[in-house]
Amino acid sequence: MDHLIDYVEKNHDRYLSELFEFLRIPSISGDPNRRDDVLKAAHWLAAHLGGIGMENVQVFPTTGNPMVYADWLHAAGKPTLLVYGHYDVQPVDPLELWTTPPFEPSVRDENLYARGSSDDKGQLFIHLKGVEAYLKNGRGLPVNVKFIFEGEEEIGSVHLEGFVREKKDLLKANFVLISDSAMFAYDFPSICYGLRGLSYMQVEVTGPNKDLHSGTFGGAVHNPLQALAEIIASLHDKNGKVTVKGFYDDVIPLTRKERDSFKRLPRKDSAFAKELGVKQLWGEKGYTTLERLWGRPTLEVNGMWGGFTGEGAKTVLPSKAFAKISMRLVPGQDPDKVAKLFEKHVKAIVPKSVTVSVEKLHGGKPALTPIDSDAVKAAYEALRKAWWKKPVYMREGGSIPIVVEFQQTLKAPTVLLGFGLPDENAHAPDEHLNLKNFFKGIETSVYFFDELASMTWKG
Ligand code: BES
Ligand code: MN
Ligand code: MN
């Protein structure tokens with residue numbers, strides 16, 4: 001093992017310059033003008049997989065963005081691991097808030113700044129380098145490895161579910177490994193076992209059939225922006241609970257054991273509030289902050305608009321008002337069911353003075369992954385070896401919708417091994433990745449394959 005870890009240490013600079021190339025490709029899946037760049041990222045990845053010694057490299061077209069696949073299957077009698085990641089990234093606006101341009105990677109202090117550095121190009125790259133360490137040192141991998149990378153995660157994994165079902169045999173694996181989340185905190189190697197799901201809705205409120213002069217008509221008709229604000233205000237009660245009827249019905253409550261283990265994690269509300277620039281945290285009464293983030297469903301307004309938002313003042317009573325509202329869901333809840341409950345609720349409370357339409361944009365299922373699988377045990381040992389510290393178990397508030405599909409279709413337990421940090425500005429300006437975590441992540445990956453191979457696994 002030592003010489004592989006030596007190899008990793010000697011190659012830090014090369015890893016960075018390769019990752020820079022990958023990060024320079026603006027593969028924003030949400031921007032139709034970036035379609036060529038998304039394809040370029042897929043092909044860059046495929047070429048890189050070939051370069052490190054992976055075999056059977058394929059770029060599968062879909063009606064959306066392609067899937068990139070590769071495997072190395074020569075560890076006879078050993079388990080097969082499927083590694084998933086996504087090569088698409090989030091949009092970059094507001095551009096002016098970036099210290100250096102999002103697609104010109106740059107290192108400052110201990111961090112690598114670029115869109116996709118943490119979510120998820122930098123993290124998936126960790127396992128490419130973990131595999132490379134074996135394949136370039138002439139001994140092959142100790143387990144069988146398959147890679148599957150998609151380019152649509154940030155727009156809801158539109159084609160992945162169908163792809164997994166169709167290519168069930170190709171993707172067949174005993175375990176799934178995903179690095180697309182964050183560690184609990186700096187110097188806390190972490191294993192994540194829970195993700196929230198998502199139901200994303202758009203609400204459109206219509207008042208008068210055209211924009212009106214607010215002097216001539218103000219007082220005669222219900223302003224749709226005001227009606228929308230009233231609807232939104234009614235979606236939570238004074239205890240921060242969501243008022244949508246039936247919203248909590250299917251929630252699987254946190255266990256006593258989980259609540260106790262969350263309490264043992266060092267986290268101070270006051271420091272958290274300070275870090276975020278708020279005077280006080282806010283949320284559902286009766287739960288701690290970590291419980292609210294990891295184990296309770298929420299409803300958030302992502303944006304609302306309508307009427308006049310330009311510079312200066314224009315007196316107008318708008319015809320329409322819009323809001324994008326998403327609900328984070330926890331295990332037990334079903335995104336489609338919750339979307340229907342939401343629509344029903346809004347339609348029931350809307351006043352007669354306006355009309356409302358509700359549309360579901362996308363969703364994703366929440367997931368719990370088993371913490372007693374061989375893959376989790378291997379991950380635990382690998383993290384411990386790389387960090388010289390015992391890992392912690394955690395959940396996450398974010399969503400990786402495909403996890404449930406992997407569990408159901410491939411019947412393979414997933415291990416979520418995040419190397420990001422919660423404050424690395426994923427989806428925001430100045431996204432970055434801590435370089436110590438990046439390099440330690442590669443060591444973890446090397447140890448992980450070895451640990452997994454030594455498990456008394458019965459195929
Ligand atoms: N990597 C994130 C998911 C994530 C974020 C996991 C934080 C754990 C902690 C992923 O790329 C993402 O952004 N997912 C979306 C899902 C959506 C587009 C369906 C999310 O969580 O908003
Ligand atoms: Mn991600
Ligand atoms: Mn993301």
Inset, instruction - Report, to the nearest whole %, how much of the accessible area of the range 139-229 belongs to carbon and sulfur atoms, 1.4 Å probe, protein only. - result: 49
Inset, instruction - Net charge near residue 64: determine it from the other residues with C-beta under 11 Å of the C-beta of residue 64, scoring Lys and Arg +1 and Asp and Glu -1. - result: -2
Inset, instruction - For the range 336-444, run through the trypsin sites (Lys or Arg not before Pro) and keep only the ones in DSSP coil with at most 15 other Cβ atoms within 10 Å of their Cβ. - result: 352, 389, 411
Inset, instruction - State the extension gain, in nm to one decimal, for the chain segment bounded by residue 285 and residue 384, taking 0.36 nm per residue of separation less the distance between their alpha-carbons. - result: 32.0 nm
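Accessible area per residue, 1.4 Å probe, Å², for the range 112-241: what's the number?
Working: 4350 Å² over 130 residues.
Solvent-accessible surface per residue comes out at 33 Å².
Only four residue types carry charge here, +1 at the Cβ of Lys and Arg and -1 at the Cβ of Asp and Glu. Report the dipole size of the range 267-374 about the Cα centre in Debye, rounded to the nearest 20. Intermediate values should be presented prior to the final figure.
Values: 18 positive and 12 negative charges, 97 e Å.
For the range 267-374, the charge dipole is close to 460 debye.
Mind putting a number on the dipole of the range 85-170 about its Cα centre? Charges go on the C-beta only, +1 for Lys and Arg and -1 for Asp and Glu, and I need it in Debye to the nearest 20. All intermediate terms of the calculation are to be shown ahead of the outcome.
Working: 10 positive and 16 negative charges, 139 e Å.
It works out to roughly 660 debye.
What is the dipole size for the range 232-285, taken about its Cα centre, with +1 at each Lys and Arg Cβ and -1 at each Asp and Glu Cβ, in debye to the nearest 20?
Working: 13 positive and 8 negative charges, 64 e Å.
Computed charge dipole of the range 232-285: roughly 300 debye.
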Legend entry - Charge dipole of the chain about the Cα centre (unit charges at C-beta), most positive-ward option of 382, 140, 125: 382
Inset, instruction - Calculate the spin-label point distance for residue 234 paired with residue 362, positioning each point 7 Å from the Cα along the beta-carbon direction, and give it in nanometres. - result: 3.1
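Using mean Cβ contacts within 10 Å as the protection proxy, how do 143-155, 179-191 order, highest first?
On the way: 143-155: 23.7, 179-191: 20.9.
Top of the packing list down: 143-155, 179-191.
Please tell me the relative contact order of the chain in percent, rounded to the nearest whole number, where contacts are Cα pairs under 8 Å and at least six residues apart. Let's see the in-between values first.
On the way: 962 pairs, mean separation 118.1, N = 459.
Contact order relative to length: 26 percent.
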Inset, instruction - Sum -39500 (n - 2.57) across every DSSP H segment of at least 4 residues in the chain, then divide by the residue count to get the 222 nm mean residue ellipticity, nearest 500. - result: -10000 deg cm²/dmol
Inset, instruction - Could you name the lysines whose alpha carbon sits less than 23 Å from that of residue 274, not counting residues in the same chain fewer than 8 places away? - result: 263, 285
Inset, instruction - Compute the acute angle (0 to 90°) between the alpha-carbon long axis of helix 35-51 and the principal axis of greatest extent of the alpha-carbon atoms of the chain; round to the nearest 10°. - result: 20
Inset, instruction - Could you work out how far apart the two model spin labels at residue 58 and residue 302 are, taking each label as a point 7 Å from the Cα in the direction of the beta carbon, and quote it in nm? - result: 3.2
Legend entry - Selected from 393, 357, 434, residue furthest toward positive end of dipole (the range 344-459; charges at beta carbon): 357
Inset, instruction - Please work out how many pairs of lysine residues in the range 296-353 are eight or more positions apart (or on different chains) and have Cα atoms closer than 17 angstrom. - result: 7
Legend entry - Degrees between helix 435-454 axis and first principal axis of the chain (Cα, 0 to 90, nearest 10): 60
Legend entry - Degrees separating the helix 335-349 axis from the principal Cα axis of the chain, which is the longest one: 10
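The values are calculated or read from the model by the stated rules, or taken from the named source; none is laboratory data. Just so we're clear, the structure is a prediction, and the values are computed from it rather than from any experiment. Cβ: placed from backbone, ideal geometry, glycine included. Neighbour counts: every protein chain shown. Only protein heavy atoms, including side chains, enter the accessible area calculation; ligands, DNA and RNA are left aside. Shrake-Rupley method; radii C 1.70, N 1.55, O 1.52, S 1.80 Å.
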